[in-house]
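*Asks:* For reference, the structure I am asking about is given below.
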Amino acid sequence: MKYFFVVDTKGKRHIVIAQESSNVAEIVKDSKLEVDYSYELEPDTFKDQGFLISDK
């Protein structure tokens, strides 16, 4: 499984777990979110301690 960071058109952020990026579209479609952008979180994202997400 891979982790994907998804930001919807309202600015809300989501972490989606999927096998591949193509599966993210299916998952998001079922949730009725309108996606602004998304990207895969790489393994080195988690190598250092600190904030991953900090809402405004």
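The values are calculated or read from the model by the stated rules, or taken from the named source; none is laboratory data. Treat the numbers as computed from the prediction; the structure is a model and nothing was measured. Quick reminder, even Gly has a Cβ in these numbers, built from the backbone with ideal geometry, and neighbours come from all protein chains shown. Ligands, DNA and RNA are stripped out before the accessible areas are found, and what is left, the full protein with its side chains, is counted by its heavy atoms. Shrake-Rupley method; radii C 1.70, N 1.55, O 1.52, S 1.80 Å.
*Asks:* Hey, what's the chain come to in accessible area per residue, 1.4 Å probe, Å²?
*Replies:* Details: 4780 Å² over 56 residues.
Per-residue value: 85 Å².
*Asks:* Explain nothing, just the number: relative contact order of the chain, from Cα pairs under 8 Å at least 6 residues apart, as a whole percent. Write down the numbers at each step before the final one.
*Replies:* Values: 64 pairs, mean separation 21.4, N = 56.
Reported relative contact order: 38 percent.
*Asks:* Shifting gears a bit: From the list (1) -0.31, -0.50, -0.85, -1.10; (2) -0.26, -0.45, -0.92, -1.33; (3) -0.29, -0.50, -1.00, -1.28, can you say which value of log10 I(q)/I(0) by the Debye sum over Cα atoms at q = 0.12, 0.16, 0.24, 0.30 Å⁻¹ was derived from the structure given?
*Replies:* Derived directly from the coordinates: (3).
*Asks:* With the full set of protein chains in place, find how many percent of the accessible area of the chain is carbon and sulfur; take the probe as 1.4 Å. Could you put the intermediate results ahead of the total?
*Replies:* Numbers: 2330 of 4780 Å².
The computed percentage sits at 49.
*Asks:* Let me ask something additional. Considering the options Ser31, Ser21, Tyr3, tell which one lies farthest towards the positive end of the dipole of the chain, charges being +1 on Lys and Arg and -1 on Asp and Glu at the Cβ, about the Cα centre.
*Replies:* Ser31
*Asks:* Tilt of helix 21-31 relative to the longest C-alpha principal axis of the chain, in degrees (0 to 90, nearest 10)?
*Replies:* 60 degrees
*Asks:* Per the helix-only calculation at 222 nm, which mean residue ellipticity applies to the chain, given -39500 (n - 2.57) for every DSSP H run of n ≥ 4 and division by its residues, nearest 500 deg cm²/dmol? Don't jump to the answer; show the numbers that get you there.
*Replies:* On the way: 1 runs with 11 residues, N = 56.
So the calculated ellipticity at 222 nm is -6000 deg cm²/dmol.
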